[in-house]
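Encoded as structure tokens, the structure appears first; notes follow it.
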Amino acid sequence: MWYHDDLNKIYASLKTNAFGLSSQEAQKRLLQNGKNELVTTKKKGFFLRFISAMSDRMTAVLLIAALVSFVTSYIAGDSFADPIIILVIVLVNALIAVIQESRTEKALEALKRMSSPETTVIRDGKEQKIHSSELVAGDIFLLEKGDIVPCDARLIESNELLLDESALTGESVGVMKDHRATNPDKCPISEAKNSVFTSSHVISGRGKAVAVKTGMTTCVGEIAGMISIEAEKTPLQKRLAKLSVLLGNITIGICVLIFGFSLIKGMNVGEMFMTSVSLSVAAIPEGLPAIVTVVLSVGVQTMARRRAIVKRLPAVETLGCAQVICSDKTGTLTCNKMTVSEIFGDRNELIKAFALCNNDSSPTELALSTFVGDTEPIKEKYPRIKEIPFDSVKKYMVTVHKDQNRFVVYIKGAPDVVAKYCKNASLTISQNTEKMTSNALRVMCFAKYETQNIPTDILSGRFQFLGLCGISDPPRPEAEEAVRLCKRAGIRTVMITGDHPETARAIAEKLGMLGKNKRVYTEKELSSLNEREFANAVLNCNVFARVTPNFKLRIVSALKSKGYVVAMTGDGVNDAPALKKADIGCAMGISGTEVAKESADMILTDDNFSTVVEAVKEGRGIYENIKRAVHFLLSCNIGELFTVFFSIILSLPSPLSAIQLLWVNLTTDSLPAIALGLEKTSDEVMDRPPIKPNSPLFSAMQVMKMIFEGILIGTLAIIAFTIGKNTGDFMVGRTMSFLVLGNSQLFHSLNLRSEKSFFSRKTKKNPFVWFSFFICFIMQTSVVLIPKAANLFGVTGLSAEKWLITLALSTCPLLVGEIYKRFKK
């Protein structure tokens, strides 16, 4: 990499020098290489996006169903309500998809906003301010406190230059830069001390640098390229896509078979054609996309109340299927705030040293001031006379203060450096430093001496050792419990950070994330592994440190390639590619950068890792609800198919007309299925392992159960038809069959609420189920009771005895379900 090269080599490759470019040369390079900004791909127009959304397989099946339904309704002279409803559902779902497609563009715009608006450059031998987008490779530019680094650059000069690179590297501590430093071979950007990188903030100090990489060639530019990856389909979307194709093929096959049988049996060709087509429309659960959207939308509202904002609806369900949660450390598992975690020595003396030998110019010094509280009274009592500022080479800071008629000299710095100035304290310092560093604390040492006169040589006095302080970015209080709950739910938690390996190890150990082998891999170690060894490391190690954005993405990709459903939490720019690549990306709402938020599927508004666990629970509940709704729709549709098909085999007249089939389909494909999708999440969902992504939506046993339930519903409708037909009135038979087919499905919806008994007190309340039950029951019976509706649908009035028989037959699915649950228990 360029930051390993000698400065003269960089000058030569960029055809520049320490005096900068001429304005003419800079303009030439700007025209040749483009502006120092992120390039976005050409945006697709609304029409192209809409066509793309309409190319979904389920949408295609529904459009065919709508066309067939329209033709059927036209021939029969019936209402066009059913095809219109299907088209509305298709259009709404396509519009939602179009709206969601703008997320990637917003992420890139957020990256652009991170660029510095103005930069001071040296051109034509003099300083001048230009817009940062006009900066070119070879330009010499200046940095000072408060600036945002405009490009990737090699330092020429530096004076106490302290940078905040946390958004890019994940390193929670400010990084001291030094133009004289040499970087180890193959070191990551987090260890490149002689270079600065785009989007970093200058905390203090000054610097001069030569621009090496601009625009899309910078580290942030590479991230922009990585987050333009197309969002992949969720596990549920994949399962429903397979289901829609399977249903389409089976339905067409059965309808052709039914029509063929009717021809062989010599039945009315026109009527049976209409029935077959209507059955094909009824058999396809056209309400399914809308039901899934409603269920997910309600889940989104629930999660928002629990401080998790979901940007993409299917992400709710995906989180419920998560098998691995990859988390950044800084700001996600930790507080992203340097804190004095431990002190050794005289507390009162250390508090004075913390307040006085301090410029509040770095996160470490701010941590010392926070520990003290109000530092002003101490500073006023002991005014500063002189100081030797902190230097990354010397690794110490010295201040001189007046104390009435004498002076006090304080020194703070690295323990091994300060120990050299303290009499007979080296062993104490060494032993206690070792204890603190073993806990991944950043240790600072403090000492002082008193004198009657201002010393000419400040360091010549005999310093008295005061004590040590250990500073760290502590774990969030709730993170440990969240990790424990993930383990209980069968979810593996993985830490991926740009921070130091020992710091990562200590935090992981405190949170219970380290794993059995207690191994921590760095990017450098991973780079030396072959593909098989790399795959094994990713599968068996839970902590990865000193990792760059490319490697974060590679780790997430490796886990996904092994078939895992991966969630990724993070807050920095460096997390954006992995957030985008993961099955679901979770960004922090408070500390998160705009880039991370725009790249993510979900934003945690309280920056609380435990909110992820609540979201997992809600996601699992939503997945169960969608399965419950699909189970209901399919078992009911099987019942409708069986009713017509078996009647033909038995040489019975068709028990239902085309319009009756469509009406039953319209009532049962809407409210009851939605109501089942709104069941409250059971606490037991977190005691189960995650659902494997390659597993089918339903197990073989569940499919058999659905088929049995459908056959039961169909058999009850045929029994009702036979009883009514035997009275000598064909219309009575059809009416009874129509009522039983519709109402038995409503009782079936009550049966599917829970694996527990419907009458159990442990079954959670769901008012929507009762609302849908009574509304649909009234709709179904009103067709028979209202004369005009009865004429339209081809039904007739029934005697009290026949009403009781239809009601008794309709309740059978609930009774049979209760018997099954009792035997299963």
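Ordered from longest to shortest, the equivalent ellipsoid semi-axes for the range 684-728 are 40, 11, 6 Å, each the square root of 5 times a Cα gyration tensor eigenvalue. Counting heavy atoms of the protein chains alone, LYS9 has an accessible area of about 120 Å² for a 1.4 Å probe.
How large is the Rg to Rh ratio of the range 720-812 when both quantities use alpha carbon positions and Rh follows Kirkwood? So for the range 720-812, dividing Rg by the Kirkwood Rh gives 1.06.
May I ask for the equivalent-ellipsoid semi-axes of the range 442-523, computed as the square root of five times each C-alpha gyration tensor eigenvalue and listed largest first in whole Å?
Semi-axes from the Cα gyration tensor: 45, 14, 9 Å.
Accessible surface for LYS524 stands near 130 Å², nearest 10, in the context of the full protein assembly shown (1.4 Å probe).
Here the label points at ARG462 and LEU792, each 7 Å from Cα along the C-beta direction, are separated by 10.7 nm in the simple model. Note on CYS187 and LYS562: with the Förster distance fixed at 30 Å, the Cβ-Cβ geometry gives a FRET efficiency of about 0.55.
Taking label points 7 Å from Cα along the Cα-to-Cβ direction, MET216 and HIS4 give a separation of 2.7 nm.
Fully extended, how many nm does the chain gain between MET701 and THR605 (0.36 nm per residue separation, minus their Cα-Cα distance)?
Roughly 30.5 nm would be gained on extension.
The H on the amide N of GLU342, modeled in the peptide plane, is under 5 Å from the matching H of GLY470, each at least 5 residues off or on a different chain. Remark: the range 711-825 carries a charge dipole of roughly 720 debye about the Cα centre, counting +1 on each Lys and Arg Cβ and -1 on each Asp and Glu Cβ. Put simply, the amide H of VAL543, placed in the peptide plane, has neighbours under 5 Å in MET495, TYR521, leaving out anything fewer than 5 places away on its chain. Compactness ratio for the range 637-764: Cα radius of gyration over 2.2 N^0.38 Å (N = residue count) comes to 1.26. In sequence order, the range 360-368 has phi-based couplings of 6, 9, 8, x, 5, 5, 5, 5, 5 Hz under the Karplus curve 6.51 cos²θ - 1.76 cosθ + 1.60, θ = phi - 60°, and Gly or Pro positions carry x. Extension gain for THR339-SER23 works out to 109.0 nm (0.36 nm per residue, less the C-alpha to C-alpha distance). Taking all protein chains together, PHE50, PHE646 sort by accessible area into PHE646, PHE50, largest first [probe 1.4 Å]. If I take R0 = 22 Å and measure r between the Cβ atoms of LYS487 and LYS680 in this structure, what FRET efficiency does the formula 1/(1 + (r/R0)^6) give, to the nearest 0.05? Calculated value: 0.35. The shape of the range 390-447 can be summarised by an equivalent ellipsoid whose semi-axes, obtained from the alpha carbon gyration tensor, come to 24, 13, 10 Å from longest to shortest. Any idea what diffusion coefficient the range 575-701 gets from Stokes-Einstein, in µm²/s, Kirkwood Rh on alpha carbon pairs, 25 °C, 0.890 mPa s? Value of D from the Cα-based Kirkwood radius: 134 µm²/s.
Using alpha carbons only, the radius of gyration of the range 577-634 set against its Kirkwood radius gives Rg/Rh = 1.13.
Between LEU246 and PHE823, what is the spin-label point distance in nm, taking each point 7 Å from the Cα along the Cα→C-beta axis? That separation, rounded to one decimal, is 2.5 nm.
The packing ranking, built from the mean of other Cβ atoms within 10 Å per residue, places the peptides 143-153, 610-620, 675-685, 427-437 in the order 610-620, 143-153, 675-685, 427-437, highest first. Each principal axis of the Cα atoms in the range 1-42 has its own extent, and those three values, largest first, are 39, 28, 12 angstrom.
In order along the range 448-455, phi translates into HN-Hα couplings of 8, 8, 10, 8, 7, 10, 5, x Hz, rounded to whole numbers, per the Karplus curve 6.51 cos²θ - 1.76 cosθ + 1.60 with θ = phi - 60° and x for Gly and Pro. Coupling constants for the range 804-817 follow from the phi torsions by the Karplus curve (6.51 cos²θ - 1.76 cosθ + 1.60, θ = phi - 60°), and in residue order they are 5, 5, 5, 5, 4, 5, 5, 7, 4, x, 5, 5, 5, x Hz; glycine and proline get x. Amide H contacts under 5 Å for THR334: ARG476, restricted to partners 5 or more places along the chain or on a different chain, H placed in the peptide plane at 1.01 Å from N. Among 154-166, 255-267, sorting by the average number of other beta carbon atoms lying within 10 angstrom of each residue, highest first, gives 154-166, 255-267.
Multiply the residue gap between LYS145 and LEU539 by 0.36 nm, knock off their C-alpha separation, and tell me the result in nm, one decimal place. List each step's numbers first, then the result.
Numbers: separation 394, 0.36 × 394 = 141.84 nm, distance 4.31 nm.
Extra length from LYS145 to LEU539 when fully extended: 137.5 nm.
Annotation: lysines with alpha-carbon distance below 26 angstrom to LYS510 (same-chain offsets under eight excluded): LYS329, LYS337, LYS435, LYS487, LYS518, LYS524, LYS552, LYS617.
Plainly put, the range 663-712 has a radius of gyration that is 1.05 times its Kirkwood radius, both from alpha-carbon atoms, as the Rg/Rh ratio. How about LYS386: which lysines have a C-alpha closer than 20 Å to its C-alpha, ignoring those fewer than 8 places off in the same chain? Result set, ordered by chain and number: LYS352, LYS394, LYS395, LYS402, LYS412, LYS448.
The values are calculated or read from the model by the stated rules, or taken from the named source; none is laboratory data. The shown structure was predicted, so the numbers you read here are calculated from the model rather than taken from an experiment. We place every Cβ from the backbone using ideal geometry, glycine too, and count neighbours over all the protein chains shown. Side chains included, ligands, DNA and RNA excluded: accessible areas come from the protein's heavy atoms. Shrake-Rupley method; radii C 1.70, N 1.55, O 1.52, S 1.80 Å.
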